[in-house]
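Input: a single structure, listed below in structure tokens.
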Amino acid sequence: MVTGSTANLFEVDTIGLREVIGGLDSWRHAIELVANVFDEYRGYNPDRKKPVFCEVSLTKNGRKPAVLTVEDDGAGFDEVTDVWTFFRSTEKRDSATVSGRFNAGEKQLLAMAIEAEILTNNHTVVFKNGERKHTKHRTPVIAGTKITASFRWNFTEFETAVEQLKSVIPPVGLRFVVNGELIESPKLTATTRVTLPTVLLKDVDGVAALRQTRRATNVQVLETEGTPTLYELGVPVCALDHEFPYSLNVEQKIPVPMTRDVVSKSYIERLIGLVLESTAMDGISLLTDDHADATFIKASLGYITDKDALEKVTEDVFPNAVQWSSDTQANAMAALEGVTVLTRGKFGRETIDRLKQNNILPSAIEQYGNRVDKMRVGEDKDMVQKVSAKCPSCKHEFVIEVDA
């Protein structure tokens, strides 16, 4: 019988890893390198040198592979073995204000690359033909880190990667350049502070693990010409897909899987609702009546608990409106006077209760109940002209008496 032991419990098969991650958008691998530089700049260890710049070059010549280079002048890798070691413990997990946590991004990029070279301090690491070659030099070969990798990308993948790299929001003070173009932040509409779920390394009963918690953070509300996007610390995560008109940059870790490309629907609804509440409390109007039928309205309003904020948002989105009532004649009377009767189910139960408790956005019967009652018993002598009107919800037609 032959027995033995090795230093690690597991090994990673590169081909198998490619099969698992190969379906991800190609550009995400490139942006992982940029996110690492951003984390270094924001700082998670005061003893580490912060970079001043991050320069990205991404080129493609005809049918030749695309070539990506990301260079910075930061501290570089403290331990060169981090270059090829998955999931090693990292101080980034202790900080909510940097995006790193998995310690896997650059390894995934290396697995997808045809070949790659990493220069960091006095080390050179080359990945080629399924092999890794590490050279330690006597003196530094670079101040910081420079990663160059080539990929079998078609022109669509290449152009998308360039576009996405230019969409990244760099932290203030870091010089970020893509193919010679200095990238600046998009126009800022507002910065507000809300409390959101995040993840941090916490020890519970002797088990240290990434766990969900809640923490106050800044959120940037950004004007956008294209698809509104959710950003984590300047790095695009996914489209908001809720007809919300702004991009949102959350300045702390977002609870995402290792693919970093999706977040729960409830997180987005909470985020939008809390941003609407906080900006309204600051007197800022983000919405108009053009957004009255947007898909984010119902769920997101459920997170607005402040009375004044709820009143402001509803006034902005639903001016001259009443809620639907089971009294169809009241609905018809409101519609006849040019008041918008909101459809049944427009709000969730909690929102309806808050609106009622605070006398905000009354229902049609609350607004017109007295007049309807007088009309029914014939007490309102001034209402002598009879006109027909339809309930906007059920379309039933009524004959209603109104002022002559």
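Just one of the numbered conditions (1) open to solvent by 20 Å² or more (accessible area, probe 1.4 Å); (2) closer than 18 Å to G273 by Cβ is not true of T343; which one? Status for T343: all satisfied but (2). Residues in the range 296-332 that are within 22 Å of the chain's Cα centre (by Cα), surrounded by fewer than 22 Cβ atoms within 10 Å (Cβ to Cβ) and not in a loop (DSSP other than H, G, I, E, B): 2 in all. Screening the range 141-179 for residues that are without any contact (Cβ under 8 Å) to a residue 24 or more places away in the chain and in contact with a strand residue (DSSP E or B) (Cβ under 8 Å, 6 or more places away or on another chain) and picking the one that is farthest from V56 (Cα to Cα) gives V141.
Taken over the range 164-215, the criterion of being under 21 Å from the mean Cα position of the chain (by Cα) and aliphatic (A, V, I, L, M) is satisfied by L165, V168, I169, V172, I183, L188, A190, V194, L196, V199, L200, L210.
Residue-level check: of (1) touching a helix residue (DSSP H, G or I) at 6+ places or on another chain (Cβ under 9 Å); (2) surrounded by fewer than 21 Cβ atoms within 10 Å (Cβ to Cβ); (3) touching a residue at least 40 places away in the same chain (Cβ under 8 Å), Q212 misses just (1). List every residue pair whose Cβ atoms lie under 8 Å apart, where the two residues are 6 or more positions apart in sequence or sit on different chains, the first residue falls within the range 97-115 and is within 27 Å of T217 (Cβ to Cβ) and among the small types (G, A, S), and the second residue, located anywhere, is open to solvent by less than 20 Å² (accessible area, probe 1.4 Å) and in a helix (DSSP H, G or I). Close Cβ pairs (under 8 Å, with a partner that is open to solvent by less than 20 Å² (accessible area, probe 1.4 Å) and in a helix (DSSP H, G or I)) amount to S99/A35; S99/F38; S99/D39; G100/A35; G100/D39; G105/H29; G105/L33; G105/A35.
Tallying residues that are within 17 Å of L165 (Cα to Cα), within 11 Å of the chain's Cα centre (by Cα) and of a type in the set (S, T, Y) within the range 216-252 yields 3. Selection of the range 93-132 for residues being in a strand (DSSP E or B), of a type in the set (A, V, I, L, M, F, W, C) and either over 19 Å from T145 (Cβ atoms) or open to solvent by 30 Å² or more (accessible area, probe 1.4 Å) (or both) yields L119, V126, F127.
Take V67 and tell me if it is in contact (Cβ under 8 Å) with a residue 12 or more places away in the chain, out of contact with any helix residue (DSSP H, G or I) (no Cβ under 7 Å at 6 or more places or on another chain) and closer than 22 Å to G130 by Cβ.
Spelling it out, V67 is indeed in contact (Cβ under 8 Å) with a residue 12 or more places away in the chain, out of contact with any helix residue (DSSP H, G or I) (no Cβ under 7 Å at 6 or more places or on another chain) and closer than 22 Å to G130 by Cβ.
Can you work out which of the residues in the range 133-148 that are basic (K, R) and part of a strand (DSSP E or B) is surrounded by the most Cβ atoms within 10 Å (Cβ to Cβ)? It comes out as K146. Here is the figure for the range 27-58: residues that are in a helix (DSSP H, G or I), open to solvent by 20 Å² or more (accessible area, probe 1.4 Å) and farther than 16 Å from M258 by Cβ total 4. Of the strands (runs of 3 or more DSSP E) lying entirely inside the range 216-282, those carrying at least 2 residues that are touching a strand residue (DSSP E or B) at 6+ places or on another chain (Cβ under 6 Å), open to solvent by less than 30 Å² (accessible area, probe 1.4 Å) and in contact (Cβ under 8 Å) with a residue 60 or more places away in the chain are 229-232, 247-250.
The values are calculated or read from the model by the stated rules, or taken from the named source; none is laboratory data. All values derive from a computational prediction rather than experimental measurement. Because the Cβ atoms are built from the backbone with ideal geometry, glycine has one as well, and the counts that use them run over all protein chains shown. These area figures cover heavy atoms from the full protein model, side chains too; ligands, DNA and RNA do not enter into them. Shrake-Rupley method; radii C 1.70, N 1.55, O 1.52, S 1.80 Å.
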